[in-house]
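Read the structure below first, then the notes.
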Amino acid sequence: MNQALTTNKRIESIDILRGIVMIIMALDHVRDFTHITAVTQDPLDLQTTTPILFFTRFITHFCAPIFVFLSGTSAYLQSQRKTKNELSSFLIKRGLWLIFAEIFIVSLGVTFIPFNHFIMLQVIWSIGISMVILGLLIHLRFNMILILGLIIVFGHNLLDILESAAGFKSNIWWDLIHRQSFHQYAKDRWLFIMYPFVPWTGLMLLGYCTGKFFSSEFTVEQRRKILIRLGIGILLFFVVLRFSNVYGNPIPWSFQRNGLYTFLSFINVYKYPPSLLYMCITIGPALLFLAWIENMQNRFTGIMRVYGRTAFFYYLIHFYLAHSICAVLFFSRGHSINDALQAVKQNPFLFQIPGEGYSLSIVYLVWALLVISLYPLCKWYDVYKTVHKEKWWLSYL
């Protein structure tokens, strides 16, 4: 009975963290659809940004790596109740489904343009392909998976040296591995590789191995101490390596016009692909949060758990809702459908014209309304999944 309770708490702490990052993630996507400079300005460009705009974007840096990392952790927890063959089959099939969903469902929600005019390979793609790879590697010994994950995460930035060399020429296969890029694959059809998958796969492998600390081999107190030490150690490693400007991020930090902007430069790490330092500054705090939140039970954690238990369901719906809000605001400004079709020639997202939009205060208001409006639907789906555990297809949503 006690072991069952411990397991429940363990899973709940992961779901709570996942729920929080899902909510934060929606802020970035609402900003993409509604902020006045979303299409025309990089919020992390220290020459043009403001501190509040910078942190509005920076806080969402935590979402993708934690989502990927916890997907690996969840896979390990499933290994406690499935055979290796069962888990391998599930991960491969679910990974392929996620890749399909990214191309045909998520891309449509982002662009609102049917027939795959503009395909975006984002975080769901990276999780999907990483799950397929983990499903193939699951038959290896645990230590081999750990070593492979460490090699990828700590070593992939060596590819930056090749990419920065004079005369380097990339192609779609290289870009899928380690470089963000656009590719035209047919007339008026584009592929946008946002998430080159290899670093994300390494992070999922380490998330899988971290799942071991959530097994019955460790008590709650032992796990808490391990997570705190790992979290602090990773953050200290980040500070030392980032200060050195030697390795771990393709763009070095530099002194800026004042101390605040110098600090922003220091923490402004590269996401596409996720650098070693990017993963350190996001996963370190995540481990500390998991240690802190495990024994906490209140109204807030209960709400976050609902979002976390329905993460993929929430992810799919929130894009369509955010883009629908964008469309309503577009027409409220007096535009016509012809204006929208003309604007697509400049920007591949329907109902969005570069230079039009709203202030950050409006962005935050829309974000809050979106998240709150999705809670009843997520709550219903969570209950439905719990009641209908016999339905196999629910495990894929």
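Each reported figure results from applying straightforward, stated rules to the coordinates on display, with no laboratory input. Everything numeric here is computed off the predicted structure, so don't read it as measured data. Don't worry about glycine lacking a Cβ; one is built from the backbone with ideal geometry, like all the others, and counts go over all protein chains shown.
Things to note:
- Only helical runs count toward this figure. For the chain, summing -39,500 (n - 2.57) over DSSP H runs of n ≥ 4 and dividing by all residues gives -21000 deg cm²/dmol at 222 nm.
- Dipole magnitude (debye, nearest 20) for the range 255-360, charges at Cβ of Lys, Arg, Asp, Glu: 100 debye
- For I337 and T48, the FRET efficiency from 1/(1 + (r/R0)^6), where r spans their Cβ atoms and R0 equals 30 Å, is about 0.40.
- GNM on the chain, alpha-carbon springs under 10 angstrom: the most fluctuating residue among F54, F192, F255 is F255.
- Taking label points 7 Å from Cα along the Cα-to-Cβ direction, Y320 and Y396 give a separation of 1.7 nm.
- Projecting the Cα atoms of H29, L227, W174 onto the charge dipole of the chain, computed from C-beta unit charges around the Cα centre, puts L227 farthest toward the positive end.
- Linear extension gain, H388 paired with F104, 0.36 nm per residue minus alpha-carbon span: 99.6 nm
- Ranked list, fewest to most other Cβ atoms within 10 Å of each Cβ, for T40, T111: T40, T111
- Relative contact order, percent, the range 74-196 [alpha-carbon distance under 8 Å, six or more residues apart]: 28 percent
- Each Cα pair under 8 Å and six or more residues apart adds its sequence gap; the mean of these over the residue count of the chain is a relative contact order of 27 percent.
- Working from label points 7 Å from Cα in the Cα-to-Cβ sense, the Y375 to I151 distance is 4.7 nm.
- Cβ-derived FRET efficiency at R0 30 Å, A166 paired with I267, nearest 0.05: 0.50
- Debye log10 I(q)/I(0) for the chain, one point scatterer per Cα, at q = 0.06, 0.11, 0.14 Å⁻¹: -0.24, -0.85, -1.43
- In the chain, taking the dipole from charged Cβ atoms about the Cα centre, the farthest positive-side position among S332, S361, S244 is held by S244.
- Taking 0.36 nm per residue of sequence separation and removing the Cα-Cα distance, the F55/F115 pair yields an extension gain of 18.1 nm.
- Spin-label model distance (nm) - T40 vs Q297, 7 Å beyond Cα toward Cβ: 5.3 nm
- Take the convex hull of the alpha carbons in the range 39-129; its mean projected area over all directions comes to 7.7 nm².
- Among 135-144, 387-396, 222-231, the peptide with the highest mean count of other Cβ atoms within 10 Å heads the list, and the full ranking is 222-231, 135-144, 387-396.
- Residue ranges 354-361, 262-269 sort as 262-269, 354-361 when ordered by packing (mean number of other C-beta atoms within 10 Å per residue, highest first).
- For the listed residue pairs K82/K389; K84/K391; K84/K385; K93/K225; K82/K385, the alpha carbons are over 26 angstrom apart in K93/K225.
- What separates the Cα centres of the range 322-352 and the range 31-63 is a distance of 21 Å.
- Membrane-span-like helices in the chain (whole DSSP H runs, Cα extent of at least 30 Å along the helix axis, mean Kyte-Doolittle hydropathy of at least 0.5): 220-244, 311-332, 360-387.
- For K187, the lysines whose Cα comes closer than 29 Å to its Cα, not counting residues fewer than 8 places off in the same chain, are K169, K345.
- Order of Y185, Y272, Y208 under a 10 Å beta carbon neighbour criterion, fewest first: Y185, Y272, Y208
- Each peptide in 237-244, 198-205, 276-283 gets a packing score, the mean of other Cβ atoms within 10 Å over its residues, and the list from highest to lowest is 198-205, 276-283, 237-244.
- Choice from A343, A186, A166 showing the highest fluctuation, given a GNM over the chain with Cα pairs closer than 10 Å: A166
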